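To start, the structure under review is shown below, and the notes come after it.
The values are calculated or read from the model by the stated rules, or taken from the named source; none is laboratory data. As the structure is a computational prediction, the values presented were derived from the model and not from experiment. Positions of Cβ are backbone-derived with ideal geometry, glycine not excepted, and every protein chain shown enters the neighbour counts. Accessible surface is based on the protein model in full, side chains and every heavy atom, while ligands, DNA and RNA are left aside. Shrake-Rupley method; radii C 1.70, N 1.55, O 1.52, S 1.80 Å.
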Amino acid sequence: MKKVSQRTWGGRFSAGPAEAVKKFTESVSFDWRLYKHDIAGSIAHAQGLAKVGLLTKVELAKITRGLKLIEREIEAGKFHWDADLEDVHMNIETALIKKIGAAGKKLHTARSRNDQVATDIRLWTRDATVLCVARLLDLQRALVKLAEKNATVVLPGYTHLQRAQPVLFAHHLLAYVEMFARDAWRFEVFGIEMQECPLGSGAIAGSTLPLRREFVAKQLGFAGVTQNSMAAVSDRDFLLEFLFSAAATGVHLSRLAEDLILWSSAEFGFVTIGDAFTTGSSLMPQKKNPDICELTRGKTGRLYGNLVSVLTMLKGLPLTYNRDMQEDKEPLFDSADTLLNTLEVVAAMLGDIKVNRTRCEAAASDPLLLATDLVDYLVLKGTPFREAHHLVGALVAEAEKTGQQLPKLAGRKFGRAAAKVFDVHRALAMRKIIGAPSPKNVAAQIALWKRLLK
Ligand code: ARG
């Protein structure tokens with residue numbers, strides 16, 4: 001019976017939960033990570049209560065001091081988390097009451113764990129978002145740096161993983177810089193309701209007590225307060241949007257990883273990843289594996305999984321709060337951890353990559369990659385595009401059949417000037433329209449990104 005009354009909600013129960021139930025329902029083993037935001041939320045809530053006379057000045061001071069003490073204990077690893085107390089909220093509240101007595105019992109006035117947890121995870125996600133954006137910027141900087149270092153290296157661009165047309169290595173990397181810029185943008189603009197404070201929504205229907213919601217929201221750095229108490233406690237859109245932003249970033253990281261895996265293989269040989277960012281084989285002594293890239297690719301699955309998991313968890317829930325929603329936290333934490341770690345290690349790895357110019361340029365020197373340039377040349381001479389395409393196609397077939405070089409055949413068939421289109425540097429310099437990889441364009445893009453990422 002003693003145990004029963006210890007629970008903050010134990011009043012109407014005559015028996016405590018079964019052991020298996022405790023284990024099944026507890027969340028403190030993972031939601032302890034909300035402690036900082038939970039405490040900040042509680043201090044702001046207490047300040048609000050004091051404003052309207054529901055707490056005395058002395059009580060507010062006691063609560064604030066007690067909570068800050070608890071925060072320090074947690075940070076020092078000295079706080080005892082008790083799974084019997086279910087979650088981070090009840091652990092902290094119980095510890096506060098133990099520490100300061102009667103005043104602590106007033107903290108939860110006009111509050112429910114429903115608006116409390118809704119507030120905590122908004123605050124947590126807000127901070128995680130700032131970190132993700134900062135790491136994305138670091139990654140972009142690493143890409144731009146690698147691009148600048150190899151600004152003049154030419155390599156084949158691929159479609160269908162078949163050599164298509166020559167591009168600059170830097171142009172290829174800058175494509176990723178753009179993707180990660182969009183990702184950072186998504187993190188920044190999504191989750192708009194993270195700006196609104198749910199505190200005061202109570203369990204579902206607000207409170208009869210005269211709370212100063214706007215004041216509390218301001219203390220916590222929110223732009224305003226939520227307008228519908230039911231929406232406030234049941235909404236996890238901001239969390240979905242965070243998970244989606246993470247998953248979308250995962251797509252881009254995974255594609256970059258795949259490019260690097262291909263490029264570092266003996267078949268391509270375009271880049272060498274530094275020893276510090278590769279691993280060996282337990283059996284084959286010669287192996288040097290791009291495990292960082294592979295794990296990056298692999299971890300993307302978790303980022304998708306976490307999004308799908310929360311989408312699925314939410315879809316059948318009647319309004320408002322349901323305990324199912326406790327399942328939002330592990331995916332949130334996992335996506336944030338996974339993404340932050342991945343962004344950090346990939347950015348570091350990019351600083352330890354050597355580009356093999358000779359291999360890149362040898363691969364890009366295949367005249368077939370400039371067959372399209374010959375078509376353009378004929379178009380400029382007045383041949384309709386479809387006809388030119390056909391003519392050059394026939395020439396390619398002839399080159400393949402007879403083993404003769406395409407430039408030679410082109411010169412013979414269309415005149416000496418036609419053979420000149422096969423100079424790869426000239427071909428790149430000609431690609432000067434907006435978005436195309438002329439060295440001049442690419443240099444300008446590098447300069448632009450350097451400025452933007454300062
Ligand atoms: N641990 C819970 C969660 O994460 C806190 C909210 C619980 N609310 C409730 N009425 N049981 O969702």
What does the convex hull of the Cα atoms of the stretch 89-194 come to per residue, in Å³, rounded to a whole number? 146 Å³
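Do you know the relative contact order of the stretch 308-438, to the nearest whole percent, from alpha carbon pairs under 8 angstrom that are 6+ apart?
Values: 70 pairs, mean separation 21.7, N = 131.
Over the stretch 308-438, the number comes to 17 percent.
Evaluate the relative contact order of the stretch 64-197 (contact order divided by residue number), counting alpha-carbon pairs under 8 angstrom at least 6 apart; express in whole percent. Walk me through the numbers on the way to the answer.
Details: 92 pairs, mean separation 26.3, N = 134.
With pairs under 8 Å counted, the relative contact order is 20 percent.
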Taking θ as phi - 60°, what are the ³J(HN,Hα) couplings along the stretch 323-331 by the Karplus curve (6.51, -1.76, 1.60), each to the nearest whole Hz, with x for Gly and Pro? 4, 3, 5, 4, 6, 7, 7, 4, x
Rounded to the nearest whole Å², what accessible area per residue is found for the chain with the 1.4 Å probe? 50 Å²
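For the chain, with all protein chains present and a 1.4 Å probe, just round the carbon and sulfur fraction of the accessible area to a whole percent.
On the way: 13010 of 22840 Å².
The nonpolar share, carbon plus sulfur, comes to 57 percent.
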Go through 96, 53, 119 and say which Cα lies farthest out towards the positive end of the charge dipole of the stretch 50-148; charges sit on Cβ, +1 for Lys and Arg, -1 for Asp and Glu. 53
Give the relative contact order (percent, whole number) for the stretch 174-282; include only Cα pairs under 8 Å separated by 6+ residues. 27 percent
Could you give the nm distance between label points at residue 408 and residue 376, where each point is 7 Å from its Cα heading toward the beta carbon? 2.6 nm
As a Kirkwood estimate from alpha-carbon pairs, the stretch 343-396 has a hydrodynamic radius in angstrom of 14.0 Å
Which residues qualify? For residue 79, with a placed amide H closer than 5 Å and at least 5 residues away or on another chain, they are 74
Can you list the lysines whose alpha carbon is less than 16 Å from that of residue 36, not counting same-chain residues fewer than 8 positions off? 68, 78, 329
Under the rule a/c < 1.5 gives rounded, and otherwise a/b versus b/c splits prolate from oblate, where does the stretch 1-130 land using the Cα gyration tensor? oblate
Under the helix-only model (-39500 (n - 2.57) for each DSSP H run of 4 or more, divided by the residues of the chain), the mean residue ellipticity at 222 nm, to 500 deg cm²/dmol, is -20000 deg cm²/dmol
Would you work out the Kirkwood radius for the stretch 158-216? I mean one over the mean of 1/r across all pairs of different Cα atoms, in Å. 16.3 Å
Taking the Cα centroid of the stretch 400-421 and of the stretch 1-63, what is the distance between the two, rounded to the nearest whole Å? 81 Å
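Please arrange 333, 244 by accessible surface area, largest first, computed with a 1.4 Å probe and ligands excluded. Walk me through the intermediate numbers first.
Details: 333 10, 244 90 Å².
Ranked list, largest accessible area first: 244, 333.
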Rounded to whole Å and sorted largest first, what semi-axes of the equivalent ellipsoid does the C-alpha gyration tensor of the stretch 379-454 yield via the square root of 5 times each eigenvalue? 34, 14, 11
Of all the C-alpha pairs in the stretch 27-101, what % are more than 14 Å from each other? 59 percent
On a C-alpha basis, how far is the centre of the stretch 72-112 from the centre of the stretch 213-286 in Å? Whole number, if you could? 33 Å
Could you pull out every one of the lysines with an alpha carbon less than 27 Å from that of residue 413, ignoring same-chain neighbours closer than 8 positions? 381, 401
Accessible area in the full protein assembly, largest first, 1.4 Å probe, for 390, 425: 390, 425
Which length gain, in nm to one decimal place, applies between residue 368 and residue 400 when the Cα-Cα distance is subtracted from 0.36 nm times their residue separation? 10.5 nm
Hull surface over four for the Cα convex hull of the stretch 321-418, reported in nm², is 13.6 nm²
If DNA, RNA and ligands are ignored and the probe is 1.4 Å, what is the ranking of 29, 112 by accessible area, most exposed first? 29, 112
Give me the distance between the Cα centres of the stretch 356-391 and the stretch 430-454, rounded to whole Å. 23 Å
What are the radius of gyration and Dmax of the stretch 117-254, computed over its Cα atoms and given in Å? 21.3, 70
Leaving out same-chain residues fewer than 8 places away, which aspartates and glutamates sit with a Cα under 15 Å from that of residue 51? 59, 214
List, largest first, the extents of the alpha carbons of the stretch 279-336 along their principal axes, each in whole Å. 59, 17, 14
Using a ≥ b ≥ c from the Cα gyration tensor of the chain (square roots of the eigenvalues), is it rounded, prolate or oblate, where a/c under 1.5 gives rounded and otherwise the larger of a/b and b/c decides, a/b for prolate? prolate
